[in-house]
Ligand code: UDP
Ligand code: MG
């Protein structure tokens with residue numbers, strides 16, 4: 001069976017609220033295997049580089065400040081159809097629009113502090129995983 005990977009971060013708001021455990025439990029229950037995991041803080045420069053694709057968006061400065069405001073958990077996940085299935089599991093970017101039972105509906109504080117990241121394509125999953133981890137097989 002073909003499997004592929006996605007990349008997630010448990011963001012600073014969810015770490016601060018002691019929700020690492022509950023979120024990882026939901027991820028495992030949904031069938032994702034943890035391939036790599038790291039607890040760390042990003043500098044402003046690192047957060048800015050990670051989100052460089054959003055440089056022109058109005059929320060970029062706020063997003064960079066927020067993502068460098070405290071520790072986060074970076075995780076590479078494996079599952080068949082990983083990218084799309086993980087986006088379904090986390091729900092919409094804005095938690096007020098996220099479906100019931102999704103991670104963002106349950107744990108997000110706001111559109112910025114929305115508990116988790118999820119890659120939006122196989123290509124970006126590989127780029128994002130390689131940003132945090134070396135020595136991983138490229139999908
Ligand atoms: N974000 C924000 N304000 C917005 C849209 C997005 O602060 O109006 C933040 C939010 O933390 C989001 C991240 O920027 O998760 C990346 O935005 P994207 O549109 O890629 O959303 P995602 O893919 O995370 O659902
Ligand atoms: Mg995105």
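Just so you know, all these numbers are worked out from the coordinates, no wet-lab data involved. Note that the structure is a prediction, hence the values are computed from the model and not measured. Glycine also receives a Cβ, built like all others from the backbone with ideal geometry; neighbour counts cover every protein chain displayed.
There is at least one residue in region 39-46 that is out of contact with any helix residue (DSSP H, G or I) (no Cβ under 7 Å at 6 or more places or on another chain), surrounded by 13 or more Cβ atoms within 10 Å (Cβ to Cβ) and either in a helix (DSSP H, G or I) or at positive phi (or both). Residue count for region 59-71 under the criterion of being within 16 Å of ligand 2 (Cβ to nearest atom) and under 16 Å from the mean Cα position of the chain (by Cα): the result is 4. The set of residues from region 47-62 being surrounded by fewer than 17 Cβ atoms within 10 Å (Cβ to Cβ) and either in a helix (DSSP H, G or I) or away from ligand 1 (no atom under 16 Å from the Cβ) (or both) comprises 49, 52, 53, 54, 60, 61, 62.
Checking each residue in region 105-130 for being within 11 Å of ligand 2 (Cβ to nearest atom), in a loop (DSSP other than H, G, I, E, B) and crowded, with 22+ Cβ neighbours inside 10 Å picks out 114, 119.
In region 72-104, the qualifying residues are those that are part of a loop (DSSP other than H, G, I, E, B) and within 13 Å of the chain's Cα centre (by Cα), and the one that is surrounded by the most Cβ atoms within 10 Å (Cβ to Cβ) is 91.
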